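The values are calculated or read from the model by the stated rules, or taken from the named source; none is laboratory data. Quick caveat: nothing in here was measured; it's all calculated off a predicted structure. As a convention, Cβ positions derive from the backbone with ideal geometry for all residues, glycine included, and neighbour counts pool all protein chains shown. Note: areas computed on protein heavy atoms with side chains; ligands, DNA, RNA excluded. Shrake-Rupley method; radii C 1.70, N 1.55, O 1.52, S 1.80 Å.
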Amino acid sequence: MSVGGYQADVPASEVWRRLAEDHDAFLIDVRSQAEWMFVGVPDLSSIGKEALLLEWQRYPGMLRNTEFVTQLRGALGGRGVGEDTALYFLCRSGGRSGAAAAAMTAAGYRNCFNVVDGFEGRLDGTRHRGALEGWKASGLPWVQS
């Protein structure tokens, strides 16, 4: 386990490779519904997958989703996903996803990883996200609704 209470921090570009190579691996996007709608979501269709979307914090109040573990356990169980499956957690810049990975590790899932640079990455010199690192800046596929 890493210091964060989950397997490891992994950059988005490496997560893409792992998702493509491991048929069973899952990407769980824990951002808010507003982020999914207005910022975009990972597009895994070219590797025959779809990201599972489940808010760690509920928009608009951004209060923690206290049912997250139960909801995700149900969603994964309904897809036949066991506790040894590799689960990659994604948020905007790696904070919420780290907390979600730690929570699922504590719930008994043994292979939880944090997408450390998130969907948009950290702020650049002009205080904007999406240019330095993360899913978008790595040129990985994504769509906007």
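Once the convex hull of all Cα atoms in the chain is built, its volume per residue stands at 108 Å³. Taking every alpha-carbon pair under 8 Å whose residues sit at least 6 apart, the chain reaches a relative contact order of 32 percent. The residues of the stretch 1-70 expose, per residue, 54 Å² of accessible area to a 1.4 Å probe. Once neighbouring chains are kept in place and the probe is 1.4 Å, which whole percent of the accessible area of the stretch 58-134 is contributed by carbon and sulfur? About 51 percent, which is the carbon plus sulfur part of the accessible surface.
Only helices enter the 222 nm calculation for the chain: every DSSP H run of n ≥ 4 contributes -39,500 (n - 2.57), and dividing by all residues gives -8000 deg cm²/dmol, rounded to 500.
Taking a ≥ b ≥ c as the square roots of the eigenvalues of the Cα gyration tensor, an a/c ratio of 1.5 or more together with a/b no larger than b/c marks the stretch 36-75 as oblate. Global dimensions of the stretch 4-54 from alpha-carbon coordinates: Rg and Dmax equal 11.8, 31 Å.
With only Lys, Arg, Asp and Glu charged, each at its Cβ (+1 for the first two, -1 for the last two), find how big the charge dipole of the chain is about the Cα centre; round to the nearest 20 debye. Show your work: numbers first, answer last.
Working: 15 positive and 17 negative charges, 75 e Å.
Magnitude of the dipole: close to 360 debye.
Across the options THR126, THR85, MET104, the greatest Cα extent toward the positive end of the charge dipole of the stretch 76-145 (unit charges at beta carbon of Lys, Arg, Asp, Glu) belongs to THR126.
Among LEU44, LEU90, LEU123, the residue with the largest mean-square fluctuation in a Gaussian network model of the chain, with springs joining Cα atoms closer than 10 Å, is LEU123.
When DSSP beta bridges are restricted to pairs lying wholly in the stretch 28-130, around 20% turn out antiparallel.
Would you mind counting up the charge near MET62? Only other residues with Cβ under 13 Å from its Cβ, with Lys and Arg at +1 and Asp and Glu at -1. Intermediate values should be presented prior to the final figure.
Values: positive: ARG31, ARG58, ARG64, ARG92, ARG96; negative: GLU35, GLU55.
Spelling it out: positives minus negatives among the neighbours equals +3.
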